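A.B. asks: Could you have a look at this structure, given as structure tokens, before my questions?
What follows draws every value from the coordinates through simple rules; no lab data is involved. None of the values given here were measured: they were computed from a predicted structure. We place every Cβ from the backbone using ideal geometry, glycine too, and count neighbours over all the protein chains shown.
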Amino acid sequence: MSVTKRVPLSKLAPGEKGVIVAIRSRGPLRRRLLDMGLVRGETVFVERVAPLGDPIEYAVKGSHLSLRRKDAADIIVEIAETEGVYAAG
């Protein structure tokens, strides 16, 4: 069984992915994010984090882009978590 959880994009670790459900940014930054393909319903994959933790590289719609952690915190994604799953040995 899987449960969905909503978290800021900045909280995902490399190798994790989520589906965008909301963008809380306003003004020119919001327009820029939308223009880069960060729109509701798109899947975003976390590629890697810079050595000092900022910026973070994401893959979306076949493109790679880097966002500051504070800007990624305004993008809310939904991730699927599996619960109660175990392997029979």
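A.B. asks: Please go through segment 34-64 and give me each residue that is aliphatic (A, V, I, L, M) and more than 16 Å from A22 (Cα to Cα), ordered by number.
C.D. replies: V46, V49, A50, L52, I56, A59
A.B. asks: Right, another one. Can you tell me which residues in segment 1-56 are surrounded by 13 or more Cβ atoms within 10 Å (Cβ to Cβ), outside any strand (DSSP E or B), within 10 Å of the chain's Cα centre (by Cα) and not hydroxyl-bearing (S, T, Y)?
C.D. replies: L9, K11, L12, E16, L38, E42, listed by residue number.
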